[in-house]
Amino acid sequence: IRCWSNIPFITMPLSRAHGKSFAHRSELKHAKRIVVKLGSAVVTRGDECGLALGRLASIVEQVSMLQNQGREMMIVTSGAVAFGKQRLRHEILLSQSVRQALHSGQSQLKDMAIPVLEARACAAAGQSGLMALYEAMFTQYSICAAQILVTNLDFHDEQKRRNLNGTLHELLRMNIVPIINTNDAVVPPPEPNSDLQGVNVISVKDNDSLAARLAVEMKTDLLIVLSDVEGLFDSPPGSDDAKLIDIFYPGDQQSVTFGTKSRVGMGGMEAKVKAALWALQGGTSVVIANGTHPKISGHVITDIVDGKKVGTFFSEVKPAGPTVEQQGEMARTGGRTLAALQPEQRAEIIYRLADLLTDQREEILLANKKDLEEAENKGRLALPLLKRLTLSTSKLNSLAIGLRQIAASSQDSVGRVIRRTRIAKDLELEQVTVPIGVLLVIFESRPDCLPQVSALAIASGNGLLLKGGKEAAYSNQILHHLTQEALSIHGVKDAVQLVNTREEVEDLCRLDKLIDLIIPRGSSQLVKDIQKAAKGIPVMGHSEGICHVYVDVDASVEKVTRIIRDSKCEYPAACNALETLLIHRDLLRTPLFDQIIDMLRIEQVKIHAGPKFASYLTFSPSEVKSLRIEYGDLECCIEVVDSVQEAVEHIHKYGSSHTDVIITENEKTAEFFLQHVDSACVFWNASTRFSDGYRFGLG
């Protein structure tokens with residue numbers, strides 16, 4: 001904890017020695033010293049006369065938040081000319097109206113002409129007011145701000161450079177936010193041909209170059225340049241083919257066409273890119289982003305520091321493989337080619353993948369062993385997730401059988417005529433099945449999900465982006481390699497892509513131009529996070545697997561323990577495993593009840609007592625904290641109900657509408673249960689584990 005002027009604040013340790021920029025967005029959260037450059041279009045109103053006060057207040061709030069986290073914030077701001085123009089216009093109108101009233105006796109303001117205002121005069125009139133506004137805003141967050149006006153000459157005079165550097169360091173040491181601007185009231189013309197001569201030479205001819213020069217001089221970790229566009233585009237924004245560049249690398253400027261400058265200000269995007277590349281060369285990371293968009297301007301700075309995919313990030317480190325945007329384009333192109341194949345050709349690809357799963361089982365299991373060893377060494381996975389991560393020979397054999405089922409049933413997946421209507425003579429309308437487009441499937445710790453989903457995408461002619469958990473990296477890599485090997489037999493290798501970059505899931509969910517449907521496969525929390533993060537992309541989310549088995553008073557003794565054992569113990573980590581066992585009250589203290597408890601103990605199932613069940617026991621197991629828990633392990637809850645009606649009510653209140661079972665020999669009771677339980681699968685005298693596409697013969 002440090003204190004200044006009796007105001008305590010938390011300080012963050014310096015993240016690294018300066019000298020090399022961050023390689024990835026995710027590292028930006030470690031930035032200690034940050035320069036925020038506010039372009040004229042960000043600070044000024046749309047009429048170019050006066051300041052955008054709401055936008056400015058939001059920026060000050062974000063800078064204050066980061067400053068109070070212990071970061072060292074500096075602002076390079078425009079706006080003095082616009083603020084001064086507003087003040088001078090007001091003064092001129094006022095003086096003209098007084099003179100006109102004296103000469104004509106009337107105040108007809110509509111005929112008065114406003115002279116063209118010289119920029120230096122506007123800057124002189126606006127600088128004090130702009131700083132007063134910043135001071136008032138920062139005071140709301142108990143932060144002091146200081147103004148520094150500089151010119152190009154201040155960087156070329158060694159003594160002035162040292163003085164400026166010392167002043168800035170002292171202000172930062174005292175937890176003061178320096179607010180820097182070019183002294184536009186006296187600024188001389190820039191030196192010709194002085195840009196990009198080296199780390200110590202860049203002409204300060206606008207606030208972009210000033211921010212870059214300052215960032216390098218002060219050994220800044222991050223420079224955020226806010227403008228009125230989302231970032232850098234591969235062609236002028238607004239043109240038909242313009243695409244936002246997520247990451248820009250030195251040398252890429254040859255492939256970029258620059259448009260006109262912004263409506264106000266000295267520089268344009270070309271000037272920003274030159275300044276950004278110069279700062280990057282000096283060891284400062286740079287992000288150019290939109291500071292005017294009403295939906296994002298309120299959190300654009302904090303989002304950038306959090307490593308979110310905002311604007312264009314400048315990096316010196318090029319990834320080995322394609323970007324996720326390029327992978328999305330490849331998946332779309334490959335998916336369209338895949339959809340154009342004959343059904344027999346798509347089936348042939350899936351058959352080939354099924355063969356590879358068994359032929360290459362040794363390589364697959366070896367890769368899976370690496371994942372398991374890393375997970376166990378790091379201790380980062382709970383036992384249920386470790387079980388889901390584990391592959392075996394039997395699992396691979398089952399996978400291969402399932403894939404062959406998909407191949408056999410995929411003949412009419414694409415191009416099947418659902419309906420044909422004759423609207424008039426010689427005019428027919430057909431409704432035909434077509435692929436969805438590009439799917440993004442996000443899955444956790446289940447490498448067997450990769451070939452399953454790939455086969456379904458191939459059968460339906462869809463492009464596919466896969467994002468697996470890092471705990472299954474080796475397994476996913478070999479399985480994806482085999483998938484692409486199978487796709488290669490018909491030249492559609494790119495249709496299925498595995499995202500291996502450091503992309504955050506939240507960033508993937510924003511690629512609405514590339515992705516048509518998101519399917520999360522994992523915990524209920526994952527599904528909720530994806531649904532929240534998805535921007536304009538439909539999400540096919542699933543719920544938890546809180547499955548119930550109700551043992552009715554007329555249940556068969558021979559069936560009960562077998563069904564319960566299979567439902568709970570055969571694969572407890574699955575989403576179709578039993579989690580809550582409902583028992584009719586009349587079965588308590590009967591031999592059947594004792595058999596159930598003994599079987600669960602032998603299988604080492606931990607029992608949690610529901611409130612009603614606990615009330616019947618003198619020494620009960622641990623009472624359950626909630627009746628809505630998916631254990632995913634050798635644990636379950638036991639609760640008592642008085643009737644089948646109460647069992648149905650319990651399931652509707654605490655279940656997840658996944659799979660629910662009744663065990664009874666009473667057909668009337670069974671029919672009531674089957675008709676009234678509102679779940680995807682409702683079974684009579686069958687294990688919950690039968691709730692499976694493979695068991696249903698769907699592959």
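Spin-label point model (7 Å from Cα, Cβ direction): what's the Asn685 to Tyr616 distance in nm?
Inter-label distance under the simple model: 2.3 nm.
What is the extension gain from Ala136 to His24, computed as 0.36 nm multiplied by their sequence separation minus the C-alpha to C-alpha distance, in nm to one decimal?
36.7 nm
For the stretch 396-494, what percent of Cα pairs sit more than 18 Å apart? Provide the component values of the computation, followed by the final result.
On the way: 2732 of 4851 pairs.
Counting every Cα pair in the stretch 396-494, those more than 18 Å apart make up 56 percent.
If you average the sequence gap of Cα pairs under 8 Å that are 6 or more apart and divide by the length of the chain, what percent do you get for the contact order?
About 10 percent, as a whole number.
How far apart, in nm, are two points set 7 Å out from the Cα along the Cα-to-Cβ line at Ser394 and at Asp157?
8.4 nm
State, to one decimal in nm, how far the label point of Val417 lies from the label point of His90, with both points 7 Å from Cα in the Cβ direction.
7.5 nm
Classify the stretch 548-696 as rounded, prolate or oblate from the Cα gyration tensor: take a ≥ b ≥ c as the square roots of its eigenvalues, call it rounded if a/c is under 1.5, otherwise prolate when a/b beats b/c and oblate if not.
Details: a/c = 1.32, a/b = 1.15, b/c = 1.15.
In terms of gyration-tensor shape, rounded.
For the modelled label position 7 Å from the Cα of Glu570 along Cα-to-Cβ, which residues of the stretch 665-692 have backbone nitrogen atoms closer than 16 Å?
681-692
List the lysines whose Cα sits under 16 Å from the Cα of Lys568, skipping any in the same chain fewer than 8 residues away.
Partners found: Lys387, Lys559, Lys606.
With every protein chain left in place, what is the accessible area per residue of the chain in square angstrom, probe 1.4 Å?
In whole numbers, the chain has 47 Å² accessible per residue.
Please give the length that would be gained between Arg173 and Asp234 if that part of the chain were fully extended, namely 0.36 nm times their separation in residues minus their C-alpha to C-alpha distance (nm, one decimal).
Here the answer is 17.9 nm.
Students often get this wrong, so check it: of Lys29/Lys395; Lys243/Lys532; Lys37/Lys85; Lys470/Lys612; Lys219/Lys318, which have C-alpha atoms separated by over 31 Å?
Pairs exceeding 31 Å: Lys29/Lys395; Lys470/Lys612.
If you take the beta carbon distance between Arg585 and Ala382 as r and set R0 to 41 Å, what does 1/(1 + (r/R0)^6) give as a FRET efficiency, to the nearest 0.05?
0.75
Would you mind checking which residues have amide H under 5 Å from Phe233's amide H? H placed 1.01 Å from N; only 5 or more apart, or other chain.
Residues meeting the amide H criterion: Ile245.
Would you tally the net charge around Leu588, using a Cβ to Cβ cut-off of less than 12 Å, leaving Leu588 out, and scoring K and R as +1, D and E as -1?
Within the 12 Å Cβ shell, the charges total -1.
Give the value in nm², to one decimal: projected area of the alpha carbon convex hull of the chain, averaged over all directions.
The Cα convex hull of the chain, projected and averaged over all directions, gives 46.7 nm².
Jot down the per residue volume, in cubic angstrom and as a whole number, of the convex hull over the alpha-carbon atoms of the stretch 324-533.
Per-residue hull volume (Cα only) is 133 Å³.
For Leu465, what residues show an amide H to amide H distance below 5 Å, using hydrogens built from the backbone and excluding near sequence neighbours?
Leu439, Leu440, Val441, Gln497
Considering only protein heavy atoms and a probe of 1.4 Å, how much of the accessible area of the chain is carbon and sulfur, as a whole percent? The partial results should precede the final answer.
On the way: 16920 of 32640 Å².
Summing carbon and sulfur atoms, their accessible area is 52 percent of the total for the chain.
Taking Lys493 as the anchor, which aspartates and glutamates have their alpha carbon closer than 19 Å to its alpha carbon, excluding any fewer than eight residues away along the same chain?
Leaving aside aspartates and glutamates fewer than 8 places away in the same chain, those within reach of Lys493 are Glu325, Glu329, Glu344, Glu348, Asp355, Glu485.
The values are calculated or read from the model by the stated rules, or taken from the named source; none is laboratory data. Note that the structure is predicted; figures quoted are calculated from it, not measured. Here the Cβ is made from the backbone with ideal geometry for all residues, glycine too, and neighbour counts use every protein chain on show. To get the accessible areas, we keep the full protein, side chains included, count just its heavy atoms, and leave off ligands, DNA and RNA. Shrake-Rupley method; radii C 1.70, N 1.55, O 1.52, S 1.80 Å.
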